[in-house]
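The values are calculated or read from the model by the stated rules, or taken from the named source; none is laboratory data. Fair warning: this is a prediction, and the values are worked out from it, not measured in the lab. Don't worry about glycine lacking a Cβ; one is built from the backbone with ideal geometry, like all the others, and counts go over all protein chains shown.
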Amino acid sequence: MVRSEVALWPLEEIGTVSDLAPVMMDLAGERIPAPPTELLINLADALLETAGSPPVVTGLVHWPALIVALWPQLWPEARRNFSGRAAMTPPQRGESVAPPLVYAIPASRALQWPGRTHITSSAPPSSPSRGAAWLAGQADAVMSELFAGCASHSADLAFAKKLARAADGLEQLRQEPGADSALALLRTLIAIAPGQGLAELKREALAVLQGQLANAGLMTVIGLANIKLSDIPEAATPSEALSAWVAAQAAQLGDEDAERLLEKVGRDDANAPEAWWRGSVRQALVTGIQQRSADWGRALLRWLAAPKPAGLLDALLPDSPTSEDWLLLLADNLRVSMDHLDTFREHCRKRGWSRLHAWGVSTAFHGEASIDSQLAFVGDPLPGLAYLVERLPGQLVVSKAVAAANSGLTTLAGKRTAREPNWLEGLDASHAGWRALWRAHLEASGVHWPQEVDRNQLAGQLLDAVLAGDPSDPLIATLATDLAATALEHPQRAQLWKRLGTTGKKALLSAVAATLLQRISAGLATPTPETELAEAVIHQVRSGRPTAIIITALLGWDAPLAEQEVVRWISSTQGSEWLSVAEEVGHHVQRRGWGQVASEMYSLCRWSKRELRPAVAACVGLLSRWEQNLFLMLYAPTGQKKHLDQETLARYVAEIGADIAPDQALDYWERAGGERKWISHTSRPDAQWRDVANRARHGGNARGLTALIRELRKDYPNNDTLQELSRILK
């Protein structure tokens with residue numbers, strides 16, 4: 001006999017039981033371990049995502065553990081509705097028992113359950129939905145917040161999917177606020193919490209919706225039509241934002257969208273929008289049309305051609321228009337005789353309606369005659385000129401702007417060529433009219449150079465115009481970088497700086513200086529700059545780290561440089577930079593008599609930048625006598641080295657000894673193998689050192705000066721001069 005034990009609860013009580021583990025362990029007689037995480041997540045995912053037949057857990061090993069682990073995540077309504085069944089074979093047709101939410105079967109029976117979603121412990125973890133992860137016990141603060149805010153919860157596990165959709169929508173809204181995401185979230189919140197539930201989150205979605213609706217599309221606006229006021233917080237109705245959208249966007253809608261909107265507003269049947277939505281849109285349409293703007297006029301013309309909204313338009317359409325904008329938009333559809341057109345033009349002149357006048361002359365005349373007539377308009381011709389410039393052929397507009405020398409027309413033509421630069425292909429910078437148009441074109445953010453033009457020729461023409469008395473500062477300032485190469489080679493370059501205005505001069509000088517520096521760096525031949533250009537080059541050099549070739553060029557120009565800044569520049573260079581220019585820079589330093597620079601180069605060439613030795617050799621006379629001798633003994637290029645006599649060496653040894661160890665001459669003499677008795681104990685330190693050095697030179701000790709230097713180096717191993725003397729004595 002098989003004994004079975006079960007646990008039973010009343011259905012109305014089971015929802016409050018949050019933990020089945022104690023009872024399940026009592027029934028099993030042993031501890032129930034936690035199921036594999038991926039198995040639990042896969043089960044939760046299948047419960048939410050599987051449509052049709054219930055999913056199947058293949059293998060009974062973890063079945064009790066899955067129930068125990070899943071149960072705490074269910075809410076009371078879901079617990080009362082939850083069912084899982086262990087089975088051997090699939091249910092047969094005609095079963096009277098409703099299927100469970102999930103089956104568990106022995107692994108050996110898996111083939112008998114085809115067409116099902118099988119969940120196994122060996123299956124790799126899927127990519128679970130957010131709802132599944134939450135249902136499997138993963139922490140999700142947003143999901144929990146939404147769940148807690150719902151006044152009631154559906155018994156269907158799909159409720160978790162709605163929560164997840166709301167959570168995703170809420171996070172997306174907070175990360176990237178937008179009208180569409182706000183509306184989608186609002187709909188989801190209403191679906192899971194109708195009435196006043198989740199009021200704060202609904203208010204948050206509505207706040208974004210109201211703030212972003214101005215940029216939303218029509219379908220978002222229509223999507224608001226079935227939002228009931230009873231499902232959103234009081235005072236949060238997006239009526240004002242909806243009205244603002246209609247006022248700003250309705251007149252811009254295409255024919256199909258406009259028809260869709262107007263049909264929606266005009267419905268009064270079972271499928272009609274909510275009253276608040278219909279009233280807001282209707283009133284906004286009335287207000288917009290009453291403005292009599294050009295957009296609303298265009299919209300009305302389109303709407304009147306559409307069959308469906310005709311009845312609504314009868315109620316919306318106001319009196320005849322009287323503003324120029326309104327008439328201008330309607331005028332394109334007028335069919336009048338020439339006599340009527342002349343009368344219309346006269347009315348435009350009386351009322352100062354420049355654009356309507358332009359429409360009239362463009363209908364009455366062709367080509368340049370329409371522009372001439374508009375230029376003669378009494379009042380402000382520019383609005384009408386703008387109308388014509390946008391509609392007449394580009395070549396005609398450009399040629400007229402160049403010839404007419406009218407600043408207003410030129411400005412408008414420049415805006416046209418900025419969008420259509422091909423009309424500038426005939427550009428002639430030697431002509432004042434073309435230069436004015438080029439300037440207007442650039443001010444309208446047009447491309448600097450039309451295609452298929454000779455840039456060098458245009459640049460030369462522009463610079464020649466400057467020399468002829470037209471500073472063209474805005475043009476020069478904008479094109480400075482492009483003009484730099486031509487300006488650098490211009491035979492009258494120095495005169496340019498005198499003819500240019502402040503802005504153009506500053507921009508072109510800077511660009512030419514940069515070009516000159518680039519050529520110097522590339523090793524190309526460059527002209528000697530005049531004072532203004534040299535100063536601009538130096539200004540740029542001082543803002544960076546000049547290379548050896550640039551330093552050499554600056555010194556060769558006799559540029560007004562400070563010796564100390566050249567010292568800094570040279571110390572910051574790389575030794576390899578000096579291979580080709582070291583001797584030249586040395587000659588420049590010698591010519592300027594810059595002892596500090598010579599000393600710095602000498603110091604650098606001793607240890608780190610040997611490439612500077614030719615430079616030092618060229619200006620060695622600027623060094624101290626001692627530095628000259630050391631350089632010529634140790635560092636001079638081959639063929640320039642010389643040897644020092646012993647007397648000079650002894651003098652240098654005495655000087656350095658008196659400098660670094662003034663009171664220890666007798667000690668070092670004795671350490672070097674000499675006898676104290678030969679040295680006066682009462683002489684001054686420098687005299688003692690001279691006596692010691694001379695006696696060492698004449699063999700007063702075993703190794704002479706070499707031994708004396710050796711003993712000094714023991715105590716002063718890092719002294720550069722001692723090291724160099726040691727090298728010489730070897």
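List of remarks:
- All of THR682, THR648 fail the test of being among the hydroxyl-bearing types (Ser, Thr, Tyr), at pLDDT below 85, over 60 Å from the mean Cα position of the chain (by Cα) and farther than 27 Å from VAL616 by Cβ, apart from THR682.
- Any hit, the stretch 130-144, residues being polar (S, T, N, Q) and buried (at least 17 other Cβ atoms within 10 Å of the Cβ): no
- Number of positions in the stretch 672-710 that are of a type outside the set (S, T, N, Q) and surrounded by fewer than 18 Cβ atoms within 10 Å (Cβ to Cβ): 15
- Number of positions in the stretch 467-490 that are out of contact with any Ser or Thr (no Cβ under 6 Å at 6 or more places or on another chain) and part of a helix (DSSP H, G or I): 13
- Residue check, ILE538 modelled with pLDDT under 95, under 30 Å from GLN495 (Cα atoms) and part of a helix (DSSP H, G or I): yes
- Only one of the numbered conditions (1) at pLDDT 90 or above; (2) of a type in the set (Lys, Arg); (3) in contact with a Gly (Cβ under 9 Å, 6 or more places away or on another chain) is not met by ARG591, and that is (3).
- Identity of the residue in the stretch 368-381, over 10 Å from HIS357 (Cβ atoms) and buried (at least 20 other Cβ atoms within 10 Å of the Cβ), that ends up nearest to the chain's Cα centre (by Cα): ILE371
- Residue match in the stretch 604-611 (condition: part of a helix (DSSP H, G or I), of a type in the set (Phe, Trp, Tyr) and farther than 26 Å from ARG727 by Cα): no
- In the stretch 158-259, counting only helices (runs of 4 or more DSSP H) that sit wholly within it, the ones holding 1 or more residues that are of a type in the set (Asp, Glu) and in contact (Cβ under 8 Å) with a residue 12 or more places away in the chain span 158-175, 179-192, 199-212, 239-249.
- Scanning the stretch 27-57 for residues that are part of a loop (DSSP other than H, G, I, E, B) and farther than 26 Å from GLN92 by Cα gives GLY29, GLU30, ARG31, ILE32, PRO33, ALA34, PRO35, PRO36.
- Of the criteria (1) in a helix (DSSP H, G or I); (2) over 24 Å from ILE227 (Cβ atoms); (3) modelled with pLDDT under 80, which one PHE147 fails: (2)
- Within the stretch 11-26, one or more residues are touching an Asp or Glu at 6+ places or on another chain (Cβ under 8 Å), assigned to a loop (DSSP other than H, G, I, E, B) and either outside the structural domain of LEU157 (by TED's automatic domain parsing) or small (Gly, Ala, Ser) (or both).
- Here LEU516 fulfils each of the conditions (1) out of contact with any helix residue (DSSP H, G or I) (no Cβ under 8 Å at 6 or more places or on another chain); (2) assigned to a helix (DSSP H, G or I) apart from (1).
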